[in-house]
Structures are given as C-alpha cells and as structure tokens.
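Structure, as structure tokens:
Quick note: the coordinates plus some simple rules give every number you see, no bench work behind them. If you're wondering where the values come from, they're calculated on a predicted model, not measured in any experiment. Neighbour counts run over all protein chains shown; Cβ positions are idealised from the backbone, glycine included.
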Amino acid sequence: MLEISEMSRVKRFAANVAGRDFAVGDIHGHFTRLQDALDAAGFNCLVDRLFSVGDLIDRGPECHDALDWLDKAWFHPVRGNHDDYVVYFDTCDVDSWIDNGGSWFGGLSLLEKQVFAAQFAKLPIAIEVETAYGLIGIVHADCPFPSWQQLRKELESPESNRRLQELQHYCMWSRRRIDQQETHGVEGLRALVVGHTPLYMPVSLGNVIHIDTGGWRPDRGYFTLLDLETLETIPAS
Ligand SMILES: [Mn+2]
C-alpha cells in the first residue's frame, strides 16, 4: 500500500527568468497531439516549462507514454482525478474507472502498475508558480476555499486524514464553480488555473481560468496553452 503522507502536496516554482511558462488542460493519453500543440507554439524545452492541470491518462491511445513525460525536466503536472485512480489502483472504484476510459491499465503487469502508482503518487495536488505579475495557482478541478493560503495551509498540515481526503477530492473532482458560474474568484493569487471540465473555449470566472478545451476529444477539441505571465492563450481565444 502506498503512503503519500510524506509526499509534497503543494509544489512551488520560482519565476522562470529564462523562458516562458505555459499551462495546458487535461491530456488523457494524447501526447502526440500535445507535442504538436507545443511545436505550434514554438515551445523550447531548454528554457520553457509546461504545467499541466493533470488527467494525463485514460480515454486516449498513448497512456503508457505518461511515464516518459513525467521524466521530462520541464513538465510539471498536478494530480487529476484520473491520475488518482492510478495511485490507488488496488483500492479504487475500478468499475467507474473503466467506465471513464481506464481499461488500458488492466492490461499492465502488476509490476508496471506499481511503477505507475509510485510515479503518480508523487504528483502534487496543487502547484504555485511565481510570475512577474503575481502568483499563479494550479489544481485539477477547483479550490475549495475563497483563499489560496487556506488551501495551502490545510493541504500541508491537515487536521485529520479524513479532512485531507475531502480536500483532495474537492480539488480533483468539483465542478461547482463552473456549473454555478461563480465569479468571486480565489484570493491570494493573480489567477487559478484549472481543467477537468471540457469547454469549447477557455472561460474565466473571476480570476479562475478554465483551460480544458478537450484536446483529447475526437472532434472539436484542441489543446489550449495558457501563458502564465501574460495570461494570453495559444491559440488566441
Ligand atoms: Mn478530470
């Protein structure tokens, strides 16, 4: 059984003074398409960094490539709800996982499953990135509090394991903000970047930017790259 308590649940990155920082929405096993989007943006892996809102696997044909991408020094994902299935592959709700594109995992050997789980257990729940214009937060689905500092504090020192599970679940699964079109935003950040809910174009609600434009979808989907300094998107939206 994996123990994640010693892993860092919030990861902070200093400003990138050498190149650009981008965030991208849910990938879901479409790394070739992602690479095409990076090439189109002139992404330079020597100086640029790519942050991901998670959901690296399930649904698409290239889930196995996720481990290669995790090895890249410039690729930094948070943990999505699908990635969390991998971490807890031996105890999670396998039926709902398979219903949501997870059948590829069943084809792995036990050793391969354990390697995946160990790597995915290292994925933080939240990332924060310093930029010239303020701090950017990244979670897969949403921040459960009006303030980023409160989320960071509770993730780093939760009052109980049960509380931690609830918080992590909200960060990875909630669609409340986008469903309710809540515009109050999250204090303590210039912007919070999230994915999880596929949209036809990026949507800003207060300072919360939803960037999952369904790059993994068979039709009408594309990857949006959000520049974390300018908050402009490629393609422009
Ligand atoms: Mn998701």
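Summary of computed values
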quantity	calculated
Sorted peptide list for 25-37, 118-130, 154-166, 178-190, criterion being average Cβ within 10 angstrom, highest first	25-37, 118-130, 178-190, 154-166
DSSP bridge orientation in the chain - percent antiparallel, rounded to nearest 5	40
Equivalent ellipsoid semi-axes, the stretch 114-175, via Cα gyration tensor eigenvalues times 5, rooted, Å	20, 17, 11
Cα gyration tensor shape for the stretch 108-237, rounded if a/c is under 1.5, else prolate or oblate	oblate
Projected-area mean, the stretch 196-237, by convex hull of Cα positions, square nanometres	2.9
If the convex hull is drawn through the Cα atoms of the chain, its volume per residue in Å³	121
Three principal axis lengths of the stretch 5-49 [C-alpha, angstrom, descending]	37, 30, 15
Estimated translational D of the stretch 65-182 in µm²/s (Stokes, Kirkwood radius over Cα pairs; 20 °C; 1.002 mPa s)	136
Within the stretch 44-82, chymotrypsin sites (Phe, Trp or Tyr not before Pro) in DSSP loop having at most 12 other beta-carbon neighbours inside 10 Å	none
Rounded D (µm²/s) - the stretch 39-132, Kirkwood Rh over Cα pairs, Stokes-Einstein at 25 °C, 0.890 mPa s	172
Efficiency of FRET from Cβ geometry, K113 and C45, R₀ 25 Å, rounded to 0.05	0.30
The stretch 52-65 - phi-based ³J(HN,Hα) in whole Hz, Karplus 6.51/-1.76/1.60, Gly and Pro as x	10, 6, x, 6, 6, 10, 6, 6, x, x, 10, 4, 4, 6
The stretch 196-237 - percent relative contact order, Cα under 8 Å, separation 6 or more	27
